[in-house]
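Notes follow the structure.
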Amino acid sequence: AAPAFASLITVNNYNFEIPPALGFNTICAGVGCAYNTGLIPDWNGVGLSSGEGQFGTGTSPLRFSYYTAGQTIAWSNGDTISQEVGATVGIGTVYTLMVDIGQRADNESLGGSADLLIGGSSPHTITATGLAPLSGRWSTFTATYIGSAPDAGASITIELRNIAPGVSQANFDNVSLTGVPEPASFLLIGSALLALKAF
């Protein structure tokens with residue numbers, strides 16, 4: 001049975017605050033600026049050109065003027081970062097992916113993109129859309145998918161990509177995924193409650 005209300009689907013390490021195994025072992029220019037190159041806890045990726053970072057705010061060269069969820073973010077210079085969530089597709093359920101994508105002030109263009117992948121070997125790809133953030137700032141990108149009968153029970157994967165490798169860095173934070181059941185589910189639950197009351 002579908003849940004009666006919107007439910008938050010668990011995304012592990014959704015704001016990248018879990019530190020990498022070796023810590024932030026590379027210091028970069030600016031106060032409070034450090035990062036690691038490697039795998040991100042609870043996320044998949046090759047790990048050769050991605051990782052977590054604490055770039056600091058207002059540093060020189062200026063990277064970000066603020067953060068949206070803690071001070072640790074994910075970055076990618078080319079790797080795709082992904083996570084398959086535990087939930088599967090329910091018919092009629094509306095799934096909404098929201099990801100904050102940042103634009104480093106010392107980069108020339110937006111490098112990040114996010115997708116919702118439905119299914120395994122040949123997935124449907126729903127690309128998140130949003131307004132490009134201003135330099136040194138963040139913008140929330142959103143992807144929406146309504147569960148269909150052919151996809152019932154299919155896996156759901158969040159994918160964070162660099163769309164300009166070698167040109168710009170992709171930066172991500174504050175990943176969330178929700179599922180809202182179809183209106184018919186509410187009617188069924190209401191009918192069941194009335195029947196229970198009558199009984």
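Springs join every pair of Cα atoms under 10 Å in this Gaussian network model of the chain, and among ALA149, ALA87, ALA164 the largest mean-square fluctuation is at ALA149. SER76 sits among other residues whose Cβ lies under 14 Å from its own Cβ, and their net charge, with Lys and Arg +1 and Asp and Glu -1, is -3. Against the longest alpha carbon principal axis of the chain, how many degrees, from 0 to 90 and to the nearest 10, is the axis of helix 183-198 turned? Between the helix axis and the principal axis of the chain, the angle is about 40 degrees.
Given the alpha-carbon gyration tensor of the chain, what are the semi-axes of its equivalent ellipsoid in whole angstrom, ordered largest first, with each equal to the square root of 5 times an eigenvalue?
Numbers: eigenvalues 270, 54, 46 Å².
Ellipsoid semi-axes (Å, largest first): 37, 16, 15.
Across segment 67-75, rounded Karplus estimates of 3J(HN,Hα) from the backbone phi angles (6.51 cos²θ - 1.76 cosθ + 1.60, θ = phi - 60°) give 10, 8, 7, x, 9, 9, 10, 9, 9 Hz, Gly and Pro being marked x. Other residues with beta-carbon under 14 Å from the beta-carbon of THR10 carry, at +1 per Lys or Arg and -1 per Asp or Glu, a net charge of -2. Positive contributions from Lys and Arg (+1) and negative ones from Asp and Glu (-1), summed over other residues with Cβ under 15 Å from the Cβ of ASN107, come out at +1.
Each peptide in 150-159, 169-178 gets a packing score, the mean of other Cβ atoms within 10 Å over its residues, and the list from highest to lowest is 169-178, 150-159. Peptide packing: for 136-142, 27-33, the average count of neighbouring Cβ atoms within 10 Å per residue gives the ranking 136-142, 27-33, highest mean first.
Quick one: compute the contact order of segment 39-163, relative version, from alpha carbon pairs under 8 angstrom and 6+ residues apart, as a percent.
It comes to 31 percent, rounded to a whole number.
Distant-in-sequence amide contacts of ASP106, defined by a placed amide H-H separation under 5 Å and a gap of 5 or more residues or a different chain, comprise nothing. Across segment 90-104, rounded Karplus estimates of 3J(HN,Hα) from the backbone phi angles (6.51 cos²θ - 1.76 cosθ + 1.60, θ = phi - 60°) give x, 4, x, 6, 8, 9, 10, 9, 10, 9, 7, 10, x, 10, 4 Hz, Gly and Pro being marked x. Near the amide H of GLY32, within less than 5 Å, lie no amide hydrogens of residues on another chain or at least 5 residues away, with H placed in the peptide plane.
No value in this document is a laboratory result; all are computed from the given coordinates. Fair warning: this is a prediction, and the values are worked out from it, not measured in the lab. Cβ coordinates were reconstructed from backbone atoms using ideal geometry, including for glycine residues, and neighbour counts include every protein chain displayed.
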